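*Asks:* Below are the structure tokens for one structure; questions will follow.
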Amino acid sequence: MATVLISGGTGMVGTALTASLTRQGHAVIVLVRENSVQRDAGTNSKDSAIPVRYAKWNVEAGSIDDWAIAEADHIIHLAGANVAAKRWSAKRKKEIRDSRVLSGQLLCAAVARVPNKIISIASASAIGWYGPDAEIPNPQPFIETDHVYDDFLGTTCNAWEQSILPMQAMGKRLSILRTGIVLSPDGGALTEFRQPLRFGVAAILSNGRQVISWIHINDLVRLYEAAIFDQTMAGVYNAVTPNPVDNKTLTLTLARAIRGRAFIPMHVPGFVLKIVLGEMSIEVLKSCTVSANKLSRMGFQFAYPSIDAAITSIVQ
């Protein structure tokens, strides 16, 4: 069995990954901030006796527990401030960018300095790399070789990916997963979609035609596991389902799964979102159709390829 070091391991994706890896008998080391409360060694999975260990790092100070690097066979790099948690002030945008770039640079520096046996690295990125869909009928989905878009998220994703690329020069197999909207019962985007449904309202954003490229949390976990264990995986991959949907379809599918017919569809005007969210509203209202063809060609099988199957599994 392998030892997997996870940065960002206490977040939604990291928690799901830790549970899956320990169930399979792998050892997991989670990187936590030096000023965080040290939890007792344990596991996120009731089905496994493999303890989860915790190592300290301080991204701002550039420090990390060397033993975690020395013991790891694989690294899964998920660290980064939540893009949607707060309005994008200048300070918040710097925090979003630095948390990704400085953490990637710290991991690369540590791997270069500490003798290790690391085989592979799987790093998060995001489909924020791409811009909005072209305003033409049936625009071509974005593919991994498309140029980065020159806006805040695009330039952040570019710097994020560049920060981890030195791993390749050190002879490590590197996979980068440009992840879409993650659908999970444990948080993320669906939490925001669910809120109005408590009051019987299905809140469709603007005209509802903006395309959402998404992935189910279980498929994303399997994809990260493939990225570290499948020796044929290397390079950039779009971590999205082959079947993106528009905002209206996602909202109404979720509403029907939760409330049957007991809801009222309601459009939230774009200008209201701009007032409430500020610059972040650009991303909320952006249509971005991203291709999963590269994953399909390599033979990856999605357990939840359709929005109906994904929402049903989450609600149940």
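*Asks:* Out of the residues in segment 185-199 that are among the charged types (D, E, K, R) and assigned to a helix (DSSP H, G or I), which is farthest from P269 (Cα to Cα)?
*Replies:* Kept after step one, since they are among the charged types (D, E, K, R), are these residues of segment 185-199: 186, 192, 194, 198.
Filter once more, keeping what is assigned to a helix (DSSP H, G or I): 192, 194, 198.
Values: E192: 16, R194: 18, R198: 20 Å.
Result: R198.
*Asks:* Only residues in segment 233-256 that are without any contact (Cβ under 8 Å) to a residue 24 or more places away in the chain count as the first member; pair them with residues that are not in a strand (DSSP E or B), Cβ under 9 angstrom, at least 6 apart or cross-chain, and list the lot.
*Replies:* R256/F263; R256/I311
*Asks:* For V268, state whether it is free of Cβ contacts under 8 Å to residues at least 12 places away in the same chain and over 21 Å from the mean Cα position of the chain (by Cα). Even if it seems obvious, please write down each step before you answer.
*Replies:* Working: free of Cβ contacts under 8 Å to residues at least 12 places away in the same chain: no; over 21 Å from the mean Cα position of the chain (by Cα): yes.
No, not satisfied.
For every residue, the table says whether it meets (1) in contact with a Ser or Thr (Cβ under 7 Å, 6 or more places away or on another chain); (2) assigned to a loop (DSSP other than H, G, I, E, B).
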{"residue": "T251", "(1), (2)": "no, no"}
{"residue": "R261", "(1), (2)": "no, yes"}
{"residue": "I282", "(1), (2)": "no, no"}
{"residue": "K286", "(1), (2)": "no, yes"}
{"residue": "L295", "(1), (2)": "no, no"}
{"residue": "F300", "(1), (2)": "no, yes"}
{"residue": "Y304", "(1), (2)": "yes, yes"}
{"residue": "T312", "(1), (2)": "no, no"}
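*Asks:* Looking at segment 189-199 only, could you name the residues that are in contact (Cβ under 8 Å) with a residue 24 or more places away in the chain and either surrounded by 19 or more Cβ atoms within 10 Å (Cβ to Cβ) or of a type in the set (S, T, N, Q) (or both)?
*Replies:* Listed by number, the residues that qualify are L190, F193.
*Asks:* Separate question: What pairs come up if the first residue lies in segment 85-103 and is more than 27 Å from I121 (Cα to Cα) and among the aliphatic types (A, V, I, L, M), the second is in a loop (DSSP other than H, G, I, E, B) and at pLDDT 95 or above, and their beta carbons are under 6 Å apart, counting only those six or more places apart or on different chains?
*Replies:* Every condition considered, no pair remains.
*Asks:* Which members of segment 23-46 meet the condition of being within 20 Å of the chain's Cα centre (by Cα) and either at pLDDT below 95 or polar (S, T, N, Q) (or both)?
*Replies:* Answer for segment 23-46, where residues must be within 20 Å of the chain's Cα centre (by Cα) and either at pLDDT below 95 or polar (S, T, N, Q) (or both): R33, N44.
*Asks:* Going by what's in this entry, would V83 be described as crowded, with 17+ Cβ neighbours inside 10 Å, among the β-branched types (V, I, T) and at pLDDT below 95?
*Replies:* On the way: crowded, with 17+ Cβ neighbours inside 10 Å: yes; among the β-branched types (V, I, T): yes; at pLDDT below 95: yes.
Yes: the conditions hold for V83.
*Asks:* While we're here: Any residue at all in segment 98-110 that is part of a loop (DSSP other than H, G, I, E, B), closer than 27 Å to V221 by Cα and not acidic (D, E)? Spell out the reasoning first.
*Replies:* First pass over segment 98-110, keeping only residues part of a loop (DSSP other than H, G, I, E, B): none.
The answer is no, given that none of the residues of segment 98-110 is part of a loop (DSSP other than H, G, I, E, B), closer than 27 Å to V221 by Cα and not acidic (D, E).
*Asks:* Of all residues in segment 200-220, which are buried (at least 19 other Cβ atoms within 10 Å of the Cβ) and in a helix (DSSP H, G or I)?
*Replies:* Across segment 200-220, the qualifying residues are I217, D219, L220.
*Asks:* If I filter segment 80-97 for residues that are out of contact with any Phe, Trp or Tyr (no Cβ under 8 Å at 6 or more places or on another chain) and in a strand (DSSP E or B), do I get at least one hit?
*Replies:* no
*Asks:* On to the next question. If you check F152, F229, which single one turns out to be over 14 Å from L295 (Cα atoms), surrounded by fewer than 20 Cβ atoms within 10 Å (Cβ to Cβ), in contact (Cβ under 8 Å) with a residue 60 or more places away in the chain and out of contact with any Asp or Glu (no Cβ under 9 Å at 6 or more places or on another chain)? Before you say what the answer is, go through the steps one by one.
*Replies:* Values: F152 fails: out of contact with any Asp or Glu (no Cβ under 9 Å at 6 or more places or on another chain).
Sole residue among the options that is over 14 Å from L295 (Cα atoms), surrounded by fewer than 20 Cβ atoms within 10 Å (Cβ to Cβ), in contact (Cβ under 8 Å) with a residue 60 or more places away in the chain and out of contact with any Asp or Glu (no Cβ under 9 Å at 6 or more places or on another chain): F229.
The values are calculated or read from the model by the stated rules, or taken from the named source; none is laboratory data. Computed from a predicted model, the values in this text were never measured in an experiment. Positions of Cβ are backbone-derived with ideal geometry, glycine not excepted, and every protein chain shown enters the neighbour counts.
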